[in-house]
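Read through the structure below, which is laid out as structure tokens, and then see the notes.
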Amino acid sequence: MTSESPSLTGTDPTSGPPPGCPAHGLGPGGLHRLYGPDAEDLGSLYERLREQHGPVAPVLLPDDVPMWVVLGHAENLQLVRSPSQYTRDSRIWTPLLEGTVKPDHPLMPHIAWQPICSHAEGDEHQRLRAAVTAAMTTIDHRSVRRHIGRHTQALVNGFCERGRADLVSQFAEHLPMAVMCEVLGMPEEYDDRMVQAARDALKGTETAIQSHGYVMDALGRLTTRRRALPEDDFTSHLIAHPAGLTDEEVREHLRLVLFAAYEATANLLANALRMVLTEPGFRAQLNGGQMTVPEAIEQSLWDEPPFSTVFGYYAKQDTELGGRRIRKGDGLLFAPAPGNLDPRIRPDLSAGMQGNRSHLAFGGGPHECPGQDIGRAIADVGVDALLTRLSDIQLDCAEEELRWRSSIASRHLVALPVRFEPKPQQDVEMPPRPVALPPQRSARQVGTASSAPAPAAAPRPAPPRPPQAPAPLPTPAEPSRPRGAWRRLLAWWRGE
Ligand code: HEM
């Protein structure tokens, strides 16, 4: 059964207020806009659309370009798992073919077709994706965890003595870039300038093109270096893959991996830390040992997926989705944010999703994120190590003062100010250790400035906890534990 109303490519002008009616804030055909004043709170708009239209709703992008947004969990999965019906190749999108979408359209960076695996399909997708996934399988996950640990320690050292920090600009936006520069094979390129350049390029400010150029120059230099002299890193394995990627293809895929990893993982870290600091139920479960950090990260992937939507999927033929008639050439937004909140799978949003990984945060089907293990590892190790070092961390503003920068594609926390008792620096090669606090403060006591003390921390099953050891560093203190256990713990931390 398909619903007759409305079609995207020929919106029915009688089905709502007249085109552009300011009284209703709606666009042509009475459709809701995913931009402008109507879209200040996209989360609520998606829920209104769900009530009004069901699991697949017609909406308008900037310049009132029509698009479907997929709100249902099952319908999102059907979209990404049906490559015979939908493609990620925007060159068949009707508004593009008809010239409604101009080359300077604000969403062009997301929409414009590029010769990379995320826009390719069929044999070409398999060729490019095989090279990316093969290079990913060569990544040694233990050494990645070691890099994550070292960089977390170094970042926390940068602010621990001050007793205050902004966990977005001083932590979440740095850690994924530091780790990805190691993984790709260019650790020397990681610095403040690289982080600022990536951030600026993604924000799309006036300097975005220049910043993008800065990142691309580094990736071009890396490609040339590794083509001449391969090493054991992601870039060298990408170049050596039998798919035979050209230098241009290598550079473009390094860009895809670096930006996808950087933006998504920075959002995930910020979202997860925000949840730990502001949601009492969350905090109590972590403190009480009913929830592990990896489970907390997974809950954040359900509630606030780092990419709210993914541009875009395009219908290869006339078809049907969620009761809607989809015409050949229609565009559809894959939408993890509303899809993960579908009341048909989550009737009670306050119920925890522990053990359930069937969220849409990493996509699905042939384009499913190949870097999800690395994204999860950065968040798990980073959050755990930070909370171990700064066990008394508290939000340093009222929760209502937190601000987000929202776009259709994602929602970034602007800043996450925190305060804690100043702590000494620690050796970056060592596991993080909690510093003894005054007796009234228990370990892993996190919360907002106004919250009541949380229950004392109970041992959590995973990941392995570093032993309680006295400060200060740098001399590694041998705790009163069996030597074997300490060794095993160090080996875990170092990824051995
Ligand atoms: C929390 C972190 C991450 C999230 C939430 C995430 C999410 C996603 C999503 C939603 C897609 C699009 C799926 C689709 O088109 O249907 C994607 C694609 C992709 N991601 Fe991730 N990602 C994350 C981390 C990473 C990391 C760390 C890497 C690399 C190391 C990576 C590499 C890629 C690549 C190469 C693609 C394109 C795959 C293709 O089109 O075949 N991602 N990711």
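Overview of values
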| quantity | calculated |
| --- | --- |
| Among the candidates P336, P366, residue that is within 16 Å of the ligand (Cβ to nearest atom), modelled with pLDDT of 95 or more and buried (at least 24 other Cβ atoms within 10 Å of the Cβ) | P336 |
| Every residue from the stretch 339-362 that is modelled with pLDDT of 95 or more and in contact with a His (Cβ under 9 Å, 6 or more places away or on another chain) | G339, N340, L341, D342, R344, I345, R346, S358, H359, L360 |
| Unmet requirement for R324, which otherwise passes all of (1) buried (at least 19 other Cβ atoms within 10 Å of the Cβ); (2) within 16 Å of the ligand (Cβ to nearest atom); (3) not polar (S, T, N, Q) | (2) |
| Test: residue in the stretch 25-41 that is among the aromatic types (F, W, Y) and modelled with pLDDT of 95 or more | no |
| Selection within the stretch 350-363 - touching a residue at least 40 places away in the same chain (Cβ under 8 Å), among the aliphatic types (A, V, I, L, M) and either surrounded by fewer than 17 Cβ atoms within 10 Å (Cβ to Cβ) or near the ligand (Cβ under 9 Å from one of its atoms) (or both) | L360, A361 |
| Qualifying residue in the stretch 112-129 (condition: in contact with a strand residue (DSSP E or B) (Cβ under 8 Å, 6 or more places away or on another chain) and either closer than 28 Å to P55 by Cβ or surrounded by fewer than 19 Cβ atoms within 10 Å (Cβ to Cβ) (or both)) | yes |
| Tally, over the stretch 345-384, of residues that are touching a helix residue (DSSP H, G or I) at 6+ places or on another chain (Cβ under 7 Å) and under 21 Å from L71 (Cα atoms) | 13 |
| Matching residues, the stretch 369-386, being over 24 Å from H125 (Cα atoms) and either more than 15 Å from the ligand (Cβ to nearest atom) or not acidic (D, E) (or both) | R376, A377, I378, A379, V381, G382, V383, D384, A385, L386 |
| Helices (runs of 4 or more DSSP H) lying entirely in the stretch 226-311 (those with 1 or more residues that are near the ligand (Cβ under 10 Å from one of its atoms)) | 234-240, 247-278, 293-303 |
| Members of the stretch 279-300 found to be among the polar types (S, T, N, Q) and either within 20 Å of the chain's Cα centre (by Cα) or not assigned by TED's automatic domain parsing to the domain that holds A379 (or both), listed by number | T292, Q299, S300 |
| Residues being surrounded by fewer than 23 Cβ atoms within 10 Å (Cβ to Cβ) and among the acidic types (D, E) - total across the stretch 255-304 | 4 |
| Test for A154: is it within 15 Å of the ligand (Cβ to nearest atom), modelled with pLDDT of 95 or more and either assigned to a helix (DSSP H, G or I) or touching a helix residue (DSSP H, G or I) at 6+ places or on another chain (Cβ under 6 Å) (or both) | no |
| Residues of the stretch 235-294 satisfying the condition of being under 30 Å from R221 (Cβ atoms) and among the polar types (S, T, N, Q) | T235, S236, T246, T265, N267 |
| A264 vs. criteria within 14 Å of the chain's Cα centre (by Cα) and modelled with pLDDT under 95 | no |
| Residues of the stretch 92-109 that turn out to be within 16 Å of the ligand (Cβ to nearest atom) and over 15 Å from D63 (Cα atoms), as a count | 2 |
| Filter result (within 12 Å of the ligand (Cβ to nearest atom) and of a type in the set (D, E, K, R)) within the stretch 112-134 | E121, E124, R127, R129 |
| Residue list for the stretch 104-132, restricted to those being closer than 19 Å to F234 by Cβ, β-branched (V, I, T) and assigned to a helix (DSSP H, G or I) | V132 |
| When residues of the stretch 65-78 are limited to those that are touching a Leu at 6+ places or on another chain (Cβ under 6 Å) and within 26 Å of A361 (Cβ to Cβ), the one surrounded by the most Cβ atoms within 10 Å (Cβ to Cβ) | N76 |
| Residue identified as free of Cβ contacts under 8 Å to residues at least 60 places away in the same chain, on the phi < 0 side of the Ramachandran plot and either surrounded by fewer than 23 Cβ atoms within 10 Å (Cβ to Cβ) or under 24 Å from the mean Cα position of the chain (by Cα) (or both) among T87, T100, T94, T133 | T100 |
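The values are calculated or read from the model by the stated rules, or taken from the named source; none is laboratory data. Bear in mind that the values here come from a model prediction, so they are computed numbers and not experimental data. Every residue, glycine as well, gets a Cβ built from its backbone with ideal geometry; the counts of neighbours run over all protein chains shown.
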